[in-house]
1. Any lysines with Cα under 19 Å of the Lys529 Cα? List them, leaving off those in the same chain fewer than 8 positions away.
2. What fraction of the DSSP beta bridges in the chain is antiparallel, stated in percent and rounded to the nearest 5?
3. Per DSSP helix of 4 or more residues, -39500 (n - 2.57); summed, then divided by the residues of the chain. What does that give at 222 nm, rounded to the nearest 500?
4. Which value, in debye to the nearest 20, describes the size of the charge dipole of the stretch 117-238 about its Cα centre when Lys and Arg Cβ atoms bear +1, Asp and Glu Cβ atoms bear -1, and nothing else is charged?
5. Can you tell me which of 89-98, 13-22 comes out highest on packing, and rank the rest after it, using the mean Cβ neighbours within 10 Å?
6. For the chain, just the Cα set please: Rg and Dmax, both in angstrom.
7. Where q = 0.12 Å⁻¹, what log10 of I(q)/I(0) comes from the Debye formula for the stretch 338-427, counting one point per Cα?
8. Under a Cβ-Cβ cut-off of 9 Å, what is the net charge of the residues other than Leu109 that fall near it, where Lys and Arg count +1 and Asp and Glu count -1?
Amino acid sequence: MLKLKNVSKYYYKDGVVAAGFTKVNLELHIGEFVVITGESGSGKSTLLNVLSGLDTYEDGEMYINGEETSHYTEDNFLEYRRKYVSNIFQNFNLVNSYTVYENIELALLMNGKNKKEIKKYVDSLIDKVGLKKYRNTVTSKLSGGQKQRVAIARALANDTPIIVADEPTGSLDSKSSSEILKLLHDISKDKLVIVVTHNKKEIEEYATRLIRMHDGKILENKVLTKINLDDKLEAKEVKNITSFSKLRLGIRNTFNLPVKFVLMFVIFMLITITLISNYSAFQMAENEESVTSYSEYFYNSSDKRIIITKNDRSLFSEKDYEKIKKLDNVDLLVKEDLINDYGLYLNNDNIYMGGKINIDTLSNVDVGRLPENDNEIVIKGSKDSWYISELQSDILNSKFSIENMPKYTKNVKIVGIVYGDNSYEYEYDFYLSDNILKDIVSSLNEEYSNITYKINNNILSIKNGYYLDIVVSDKVNEGEVYLKDTMNGFCKDYNCQNENLEISINSIYYEEQIKLKVSNIYNINNTKKLLGLDYNEIYDSVFINQKDYNKLFNKGNYQSSIFVKEIKDLDNTIEELNNLGFETLALRNAKHDSAEMVMQILKIFKLVVTVVLIITLFFISYFIIRIIYKSRNSYYTTLRTLGSTKKVCINILMKELVCHATIAYSVFLLLIYLINKDIIYFEYFKELSKYIGISEYIIVYLILILLSILISMRYGRKIFKDSIIKTYGSVL
Ligand code: ADP
Ligand code: MG
């Protein structure tokens, strides 16, 4: 039993009070077919809205099965509606993009039924309202009468004891009107049906009660057929929509409006590209920063460089190098690490220039030709450099001496020029022959070793002021050494001939000692004959055979460097090297402090900018998405009339947005993949993706999900701010 006692409803607008209806007394029962008539503005809709719990009332009491409702909160009324009331509206309020089947199914899903168990039931309802042919037709394609049939079937599916229909035939022609009214009557057994209509004549034959309203009051309340008044309104069992149904609806809603789908795709794509661009811009800046930052200890302080030694500090074997070369991220292996930190200076009296040794293999040069002899070299430099651009003809084919290796002063000839992207205008790369390289390496080894000589129990070393040059000569036999006559002072009878000279090497990697017999003392008279050299041009030198020299200084490599392809995978590469039994030092981690500070600032800046960006993106995308979703307000209002809570609406929308985000992001990833595989050519993305690893891709996806969640929550709150009537009103 539904009972109103002196109920009044007022509208307050701009300080003016208008009555919807006043002092209405009414008692309605299950089994009744109530017809309400009255001129426009007489309060019929207002009365129906109050009866169906869509609107509140101010005065009097409304009872449902004897329970008073004036203390009801919004949630209580929602509960009331879910248990008791289904609405049929003049303008149908169907989900136009859903099929007939989906619209009816929706009511059942909202009530916690699952897809499979309701299929037969939905089909039987479609049958009942005579729409079998249109089962899979989108409702926007139906005529008004057909739409109202769907609405009736949906109200039936909702299975509440009360069905309220406000002018259900108001938008229909007279033929469909009478069909609809008949249908309403057919389904009204064991229900309380309340219909507002102007088609008084056609409906009179069905009505059990006739109510006429005028100016907010009931003028006439005539019972035409007596009904058993003891019947109680049976509350429907209320169940919540299942998670699976929410997911299904979310996915369905993603795809069923093509224009919205495309717009959302574009938005999420733009968000993705913005996030990724932002991220890689910072990575690029970090990279640039590390190129210009420097290390005090290492000349080549490229971030891509990792210095490697063996755990036991032993020599590298070819096998070790094979293992290292097999690692994915290894771009270049420089076996002899010393040359990485060696600055080579060339001088020809007019031009002085310096730079790094480059051990890459050269396949062609931009000017001149590739080297053919040992002493021919190629220089690589920026086109911005004066030497490379203006003095090209002066340096090409000109002889230079290697400045900082006085001992081995070699003359080299520049025969080729390569244009490069060197980071400093006046820093060059030099490509040298293997033999020159070898000379440089052994002289560096010599330079970095502690050398002591022992002759006749005298120990000579740099510590006590003696520095002897060790010079290789093919005139000296293995196991022998030629000493300068000035050394005779360390020996008995002022003669070192046939004495033993012990040379001990102590470097950070190894110790070595050899004993050589002094087979000749060279002096001003015999030097030319013995060594083919001019005595006056020789420093304090000992001359030894190449083989002995190799024993001391060309032992092999104790320290090498690799240069990685991708800096982002540097840590992985370090771990792989460590697992192979190598010790590593990544130059990136051995940088000068000032650079580190710049990096720290950059990191903080990056975080701040990213957060600001996400917030900005949130508002921009929320704004756009709200416009796109404005047309969807009626969808969520329909869900509400079917008993959906705010949480459920937000949840369904969230799933839809996540679905949109995931699709756009997957397409983005696919694009990146194809671009990196060179199937699609897109330089900008290729550049971007260089700086981005798996973890960044995951983070960007999580940000998209976060945005989806935030937007759906905000939008959900927004649509629930207004009442169902108001939202429908604004949609009309
Ligand atoms: P009917 O459905 O019989 O045409 P209504 O119930 O819509 O009439 O309206 C009854 C009275 O309440 C009318 O005077 C109308 O102006 C007023 N009214 C209805 N809705 C509102 C509203 N949202 N705000 C202010 N006044 C309203
Ligand atoms: Mg009305």
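1. Of all the lysines, those that pass the test against Lys529 - Cα under 19 Å, at least 8 places apart if same chain - are Lys475, Lys484.
2. Restricted to the chain, the bridges split so that about 65 percent are antiparallel.
3. -13000 deg cm²/dmol
4. 400
5. On the way: 89-98: 21.1, 13-22: 12.2.
Per-residue Cβ counts within 10 Å, averaged per peptide and sorted highest first, yield 89-98, 13-22.
6. 45.9, 151
7. Debye output, listed in q order: -0.33.
8. Summing Lys/Arg as +1 and Asp/Glu as -1 gives +3.
We did not get these values from a lab; they are worked out from the coordinates using the rules stated. Source: prediction; values computed, not measured. Cβ sites come from the backbone with ideal geometry, for glycine too, and all protein chains shown count toward neighbours.
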